[in-house]
Structure formats: C-alpha cells, structure tokens
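Presented below is the structure to which this report refers.
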Amino acid sequence: MFDRDADLHAVAMLCRELAKLGLSIGLSDARPAVLIRANRMSSLYVTLDSSGEFFEWGKPEDRHPVGDPAGAAAQLAKEVKARLGAQGGEA
C-alpha cells in the first residue's frame, strides 16, 4: 500500500546517509526518489518498490531494505565508485 509520508521519510533517511558519505544528491519532485550525481556518470535514480519495503535502482537485483538506510547508502556508494572507476571519473 502506498503511504506517501512513510515513503518520503524513507527517502529522507537515505538522503541523510548518502550525504554523510559525501555523495551529491537530489530529490525528485515527481515521486519519492533520490538522484545521486557524480562527474562523468549518469545520475543514479533510487526509488522505492511498490511495497515500500525496498530501495531499488539499476538492475532487478539492485535493492536494499528500507529499514537499513545506512546499509543502502553504503551499497549505493560502492555502486557509484564502481561506475566511476569503470569510466575513470571521481565523485
């Protein structure tokens, strides 16, 4: 079930954790979602799944439980570093 307040809270907690890791972030106005930006990399768009229980991005296996925003941020930071490393860029 869609609970906009819970979804916004989850996205805000993820943003806080991503900011602690020094990532450049933005929020979507269209729906609860986070954009992670880095030089020489397409933005990484992170949304909530339809149940509101997982953050999702990229491939179907790219997901992390909403109840662990710090773990999701760490996983996303690794993803960004891997993408930048493959392109020779930096965050």
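The values are calculated or read from the model by the stated rules, or taken from the named source; none is laboratory data. From a predicted model like this one, the values you see are computed outputs, not experimental measurements. Because the Cβ atoms are built from the backbone with ideal geometry, glycine has one as well, and the counts that use them run over all protein chains shown.
A few remarks follow.
- Residue that is surrounded by the fewest Cβ atoms within 10 Å (Cβ to Cβ), among those in region 1-25 that are more than 19 Å from D68 (Cβ to Cβ) and modelled with pLDDT under 90: M1
- Filtered residue count, region 54-84, keeping only those that are outside any strand (DSSP E or B) and farther than 19 Å from R37 by Cβ: 8
- Qualifying residue in region 42-62 (condition: within 20 Å of A74 (Cβ to Cβ), aliphatic (A, V, I, L, M) and at pLDDT below 85): no
- You will find that of L84, L76, the residue that is at pLDDT 95 or above, in contact with a strand residue (DSSP E or B) (Cβ under 9 Å, 6 or more places away or on another chain) and at negative phi is L76 and no other.
- Just one of (1) closer than 12 Å to D7 by Cα; (2) modelled with pLDDT under 85 fails for G89. It is (1).
- Failed criterion for R63 (all others in (1) among the basic types (K, R); (2) surrounded by 12 or more Cβ atoms within 10 Å (Cβ to Cβ); (3) more than 21 Å from A6 (Cβ to Cβ) hold): (3)
- Count of residues meeting criterion [in contact with a helix residue (DSSP H, G or I) (Cβ under 6 Å, 6 or more places away or on another chain) and outside any strand (DSSP E or B)] in region 1-53: 8
- Pairs linking a residue in region 33-46 that is without any contact (Cβ under 8 Å) to a residue 12 or more places away in the chain and of a type in the set (A, V, I, L, M, F, W, C) to a residue that is surrounded by fewer than 19 Cβ atoms within 10 Å (Cβ to Cβ) and part of a loop (DSSP other than H, G, I, E, B), with Cβ atoms under 7 Å and 6 or more positions apart or on different chains, are L35/S28.
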